[in-house]
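In what follows, a single structure is set out as structure tokens and then discussed.
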């Protein structure tokens, strides 16, 4: 059954569902059945824009591994690896400096697993982080992974805070305020907002960061978490849907559009530190890539392929320029307490 019709029947029978349930089920259906990337898909991620993105991450990992004493056994872990492009580029760059880790992909989509096997055939696939190995340090990369996890929304009504739900208006799925008081779940800094204000939390993102941080603290290693989001608490819904590279109504195409929300980086460092990991910092993507040598790598590629120089430089601008991805996207670094500070932080 079409997911929109199934939601409509469920809501008609049992009442409105939470935004979190709507987002979780929609994205599970969406990702399992398609490769959403590229011009023929719905969106494009940084590794698909330029090989330099993955190469610089690979060099970051190799440098950190080297300064941590070059442990002989180490695992590369990527959450939501897309087509495998980032891993291919990162591992190629890291190998030049002696880093050849075992490769692990956390990927639930059967469609994307098939594509990943074509690029990185020697990976081990996991449905979730729970089955990751515990016998060696982990070098973890999560690029645009947390933004697809379900958010919980609350809206301020005349009667107080209520959970934001999804109901039916004719043939449309629409957001509505639920009946149960939720004032106790609202952070005190945001509680006095006016009627109509919306706040978001993402318990799933906090749970993932907690799990990764605990593993790093116990096993050694580091993590880069890269996503678009904010570094301070704020009001407002950031839930959005992309379909054929265009923003559409988030409630109009469940299972047929990519649903994402901004990652709240203001809360994740405390989660990681409580789990025993070292927080290196959270910086803007543009500043991070420039610090790692984006300009020098782009110059080298342009010298090697002068006919492609305009496209190479345009792609780099897209990754790092403030008006493109450079400011909106953030990079958060975590490490084991006894591992060194990574470059760029």
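The values are calculated or read from the model by the stated rules, or taken from the named source; none is laboratory data. Worth saying up front: this structure is predicted, and the values here are computed from it rather than measured. Note that we place each Cβ from the backbone using ideal geometry, even for glycine, and neighbour counts take in every protein chain shown.
Listed by first and then second residue, the pairs linking a residue in the stretch 225-237 that is under 15 Å from residue 152 (Cα atoms) to a residue that is surrounded by fewer than 14 Cβ atoms within 10 Å (Cβ to Cβ), with Cβ atoms under 6 Å apart and 6 or more places separating them unless they lie on different chains, are 233/189. The single condition from (1) touching a strand residue (DSSP E or B) at 6+ places or on another chain (Cβ under 7 Å); (2) in a helix (DSSP H, G or I); (3) loosely packed, with under 15 Cβ neighbours inside 10 Å that residue 116 fails is (3).
Among (1) farther than 19 Å from residue 105 by Cα; (2) surrounded by 19 or more Cβ atoms within 10 Å (Cβ to Cβ), where does residue 61 come up short? Unmet for residue 61, out of (1) farther than 19 Å from residue 105 by Cα; (2) surrounded by 19 or more Cβ atoms within 10 Å (Cβ to Cβ): (1). Return a yes/no flag: does the stretch 244-264 have any residue that is over 20 Å from residue 46 (Cβ atoms) and assigned to a helix (DSSP H, G or I). Among the residues of the stretch 244-264, not one is over 20 Å from residue 46 (Cβ atoms) and assigned to a helix (DSSP H, G or I), which makes the answer no. Looking across the stretch 288-324, just one residue is crowded, with 16+ Cβ neighbours inside 10 Å, closer than 26 Å to residue 337 by Cβ and out of contact with any strand residue (DSSP E or B) (no Cβ under 6 Å at 6 or more places or on another chain), and that is 292. Tallying residues that are touching a strand residue (DSSP E or B) at 6+ places or on another chain (Cβ under 7 Å) and under 17 Å from residue 187 (Cβ atoms) within the stretch 234-265 yields 9. Given the condition more than 21 Å from the chain's Cα centre (by Cα), more than 26 Å from residue 71 (Cα to Cα), modelled with pLDDT of 95 or more and not in a helix (DSSP H, G or I), answer yes or no: does some residue in the stretch 294-308 qualify? Scanning the stretch 294-308 turns up at least one residue that is more than 21 Å from the chain's Cα centre (by Cα), more than 26 Å from residue 71 (Cα to Cα), modelled with pLDDT of 95 or more and not in a helix (DSSP H, G or I).
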